[in-house]
Amino acid sequence: MTAADKNRALDRNEAEWVETSRSAPQLTDAQLIELVRRLRERRDRAQRLVRTRTRQANREGQMNIDAGAREKKAQLAEAIERVVEEQKRRRASSVATRNLKAAVERKAGQTRDGIPQSRTADTGPAETPNDKIAPSGALHAEGMRAAITRSTGDR
């Protein structure tokens with residue numbers, strides 16, 4: 001398609017919005033949000049139109065050659081992509097992100113000189129603090145003796 005055919009696919013407002021999307025860096029955040037909302041509405045409308053015409057042509061057994069609506073949808077999708085990329089670029093360069101990146105760089109540059117010795121890796125289980133605890137088998141045997149006494153009497 002030639003440039004004239006591409007421009008003919010869009011109405012006046014849509015052509016204006018597509019041109020505005022090319023100068024997205026000069027727009028404010030609110031203007032970008034409004035522009036992408038309008039472009040998405042028109043793209044969705046064009047997409048529904050293409051699907052409806054395709055279904056209708058398939059029912060009637062005809063070929064669906066609807067290059068104009070498809071071109072409109074493609075141009076609007078490209079404009080949306082430009083605006084969304086600008087929004088992503090702005091989010092990536094926000095103040096909070098810059099501060100976070102600076103903090104990560106500072107932390108990466110730190111050495112372990114100022115870390116206290118109490119913060120070390122685990123050396124394993126601690127020794128048993130109470131030596132008066134019986135070995136595991138003795139506890140079991142004592143429990144069995146009490147159970148036998150209760151159930152059958154003395155042996």
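The values are calculated or read from the model by the stated rules, or taken from the named source; none is laboratory data. Keep in mind it's a predicted model, so treat the numbers as computed, not measured. Every residue, glycine among them, receives a Cβ derived from its backbone with ideal geometry; neighbour counts consider all protein chains shown. The accessibility values were calculated without ligands, DNA or RNA, using every heavy atom of the protein model including side chains. Shrake-Rupley method; radii C 1.70, N 1.55, O 1.52, S 1.80 Å.
How much length is gained if the chain between residue 97 and residue 121 is pulled fully straight, taking 0.36 nm per residue apart and subtracting their Cα-Cα distance, in nm to one decimal? Don't skip to the end; give the middle numbers.
Values: separation 24, 0.36 × 24 = 8.64 nm, distance 3.22 nm.
Length gained, residue 97 through residue 121: 5.4 nm.
Could you look at the stretch 48-94 and say what percent of its accessible area is carbon and sulfur, using a 1.4 Å probe and all protein chains?
Numbers: 1620 of 3270 Å².
Carbon and sulfur: 49 percent of the exposed surface of the stretch 48-94.
Nearest 20 debye, what's the magnitude of the dipole of the stretch 63-103 about its Cα centre given +1 on Lys and Arg Cβ and -1 on Asp and Glu Cβ? Can you show the working numbers first?
Working: 10 positive and 6 negative charges, 76 e Å.
Charge dipole, the stretch 63-103, about its Cα centre: 360 debye, nearest 20.
Can you put 72, 88 in order of accessible area, largest first, using a 1.4 Å probe? Working shown, then result.
Details: 72 50, 88 105 Å².
Most to least solvent-accessible, the answer reads 88, 72.
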Whole number please: convex hull volume per residue, Cα atoms of the stretch 18-101, in Å³.
94 Å³
Full-extension gain in nm, residue 85 to residue 33, via 0.36 nm per residue minus C-alpha separation:
17.5 nm
